[in-house]
Amino acid sequence: MKILVGDLGGTHTRLAVAEVTPNQVVLSRVERYINREHADLHAILRQFLVAEEDMGETQCCLAVAGPTDGTHVQFTNLDWRIDTTDLSAQFGFSRCRLINDFSAVGWGLNTLADSALHPLQAGQPMHAGARVALGAGTGLGVSLCTWRDGYYQPWASEGGHLGFAPLNPEQDRLLVFLRTLYGRVSLERILSGPGLVDLFRFCLAESGQNDHPLLASAQPAAAISQAGLAGHDAAASRSLHLFSAIFGQTAGDWALGCQASGGIFLAGGIAPKMLPALSNGDFLAGFSAKGRYSDWMRQIPVAVVLDPDIGLKGAAFAAAQSW
């Protein structure tokens, strides 16, 4: 079965043609597009499909960054709205389905080889135990996955919009700082690209500074991350320590809430680029800081997903299970 699949985030759209067999998902011609350079998804699809030959009867499954009923979506961090009826009429899809982008990551966990994972904590994984995928990028995605019919099936979630719970006085001050900007402070306000920039602004303010050349970068979050990893800037380094600790605390809260004995999987665009920061101890310290449950937390496997195509593969896997 060949399926046109897409992974549509707040910043980028990635498209591919997927072939699904009982044992694997194979992608061909993976293309990436910058959303702001295109009027809408229709323009991107036209550009992709003009180069495709002999697609025949085409099915389509798109992973989208926002809550969806399967046929419509209004993106959370992008001024796009998608309707599958319009897409099918425009492009002749025999079937077209939308799934949440982090549901796609959850489906995609079924397709990963061990080589596509970088373990942070080996733990003691339980067969068929619940799994949780979390991913920071333009926003923060969360997906709880449970075992059924021989594979993991995700539950749609907007868990990235849960409220931030500070753990210490420094984080108390961070909450006050962000509350002046946003009112309610969700986890996505911290654990995302824009969130990293706000963490940096907080660290600057704590040291009596109001501005910094890194904020004028074309991609400030990437510039801050690179400066912090290289140790070139104290505020950038402190930002990464805070980011890693709060990411760990959040992952640990989800592990507790879902009893995720099957593991925690960190996906999204940021985690693979921040491996040194996530591996320096801050993440796992935050993850296991759960009082009476600290020992239990050390039994939970934690790994960073290295496969950039997990969302595309997950969309294909999801389509194959339901069509």
Test: LEU199 is open to solvent by less than 30 Å² (accessible area, probe 1.4 Å), in contact with a His (Cβ under 7 Å, 6 or more places away or on another chain), at negative phi and assigned to a helix (DSSP H, G or I):
no
Scan segment 180-196 and tell me whether some residue there is within 26 Å of ASN77 (Cα to Cα), in contact (Cβ under 8 Å) with a residue 60 or more places away in the chain and out of contact with any strand residue (DSSP E or B) (no Cβ under 7 Å at 6 or more places or on another chain).
yes
Failed item in (1) among the charged types (D, E, K, R); (2) within 22 Å of SER244 (Cα to Cα); (3) free of Cβ contacts under 8 Å to residues at least 24 places away in the same chain, with ARG131 passing the rest
(3)
When you scan segment 137-152, do you find a residue that is at pLDDT 95 or above and open to solvent by 70 Å² or more (accessible area, probe 1.4 Å), even just one?
yes
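Could you pull out the residue among SER261, SER239 that is under 30 Å from GLY129 (Cα atoms) and hydroxyl-bearing (Ser, Thr, Tyr)? Can you show your working first?
On the way: SER239 fails: under 30 Å from GLY129 (Cα atoms).
Every option except SER261 fails the conditions.
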Over segment 234-269, the set of residues in a loop (DSSP other than H, G, I, E, B) and open to solvent by less than 30 Å² (accessible area, probe 1.4 Å) is ALA260, SER261, GLY262
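Could you identify the single residue in LEU175, LEU144 that is within 23 Å of ILE246 (Cβ to Cβ) and more than 17 Å from the chain's Cα centre (by Cα)?
After ruling out the rest, the residue left standing is LEU175.
Could you please find all residues in segment 158-194 being assigned to a loop (DSSP other than H, G, I, E, B) and either buried (at least 21 other Cβ atoms within 10 Å of the Cβ) or not acidic (Asp, Glu) (or both)?
Answer for segment 158-194, where residues must be assigned to a loop (DSSP other than H, G, I, E, B) and either buried (at least 21 other Cβ atoms within 10 Å of the Cβ) or not acidic (Asp, Glu) (or both): LEU162, PHE164, ALA165, PRO166, LEU167, ASN168, GLY183, ARG184, VAL185, ILE190, LEU191, SER192.
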When residues of segment 134-157 are limited to those that are assigned to a loop (DSSP other than H, G, I, E, B) and without any contact (Cβ under 8 Å) to a residue 24 or more places away in the chain, the one nearest to ASP307 (Cα to Cα)
GLY150
Would you check which residues across segment 21-49 are among the aromatic types (Phe, Trp, Tyr) and touching a helix residue (DSSP H, G or I) at 6+ places or on another chain (Cβ under 8 Å) and list them?
TYR33
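Does segment 240-250 include one or more residues that are modelled with pLDDT of 95 or more, among the aromatic types (Phe, Trp, Tyr), under 30 Å from PHE317 (Cα atoms) and in contact with a strand residue (DSSP E or B) (Cβ under 6 Å, 6 or more places away or on another chain)?
no
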Take the residues of segment 50-64 that are modelled with pLDDT under 85 and either touching a helix residue (DSSP H, G or I) at 6+ places or on another chain (Cβ under 8 Å) or under 16 Å from PHE102 (Cβ atoms) (or both): which is surrounded by the most Cβ atoms within 10 Å (Cβ to Cβ)?
THR58
Residue check, LEU312 against (1) under 22 Å from SER244 (Cα atoms); (2) open to solvent by less than 10 Å² (accessible area, probe 1.4 Å); (3) touching a Gly at 6+ places or on another chain (Cβ under 9 Å), all met but one. Which one?
(1)
Yes or no: segment 205-212 includes at least one residue that is within 25 Å of THR180 (Cα to Cα), part of a helix (DSSP H, G or I) and open to solvent by 20 Å² or more (accessible area, probe 1.4 Å).
yes
Subset of segment 28-49, residues over 21 Å from ASP86 (Cβ atoms) and either open to solvent by less than 40 Å² (accessible area, probe 1.4 Å) or among the hydroxyl-bearing types (Ser, Thr, Tyr) (or both), comes to SER28
Number of the exception - PRO125 against (1) touching a strand residue (DSSP E or B) at 6+ places or on another chain (Cβ under 8 Å); (2) open to solvent by less than 20 Å² (accessible area, probe 1.4 Å); (3) of a type outside the set (Lys, Arg):
(2)
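Mind counting the residues in segment 192-246 that are in contact with a Cys (Cβ under 6 Å, 6 or more places away or on another chain) and not polar (S, T, N, Q)?
The total comes to 2.
The values are calculated or read from the model by the stated rules, or taken from the named source; none is laboratory data. From a predicted model like this one, the values you see are computed outputs, not experimental measurements. Ideal geometry is used to build each Cβ from the backbone, glycine not excepted, and the neighbour counts take in all protein chains shown. Please note that ligands, DNA and RNA were not included when accessible areas were found on the heavy atoms of the full protein model with its side chains. Shrake-Rupley method; radii C 1.70, N 1.55, O 1.52, S 1.80 Å.
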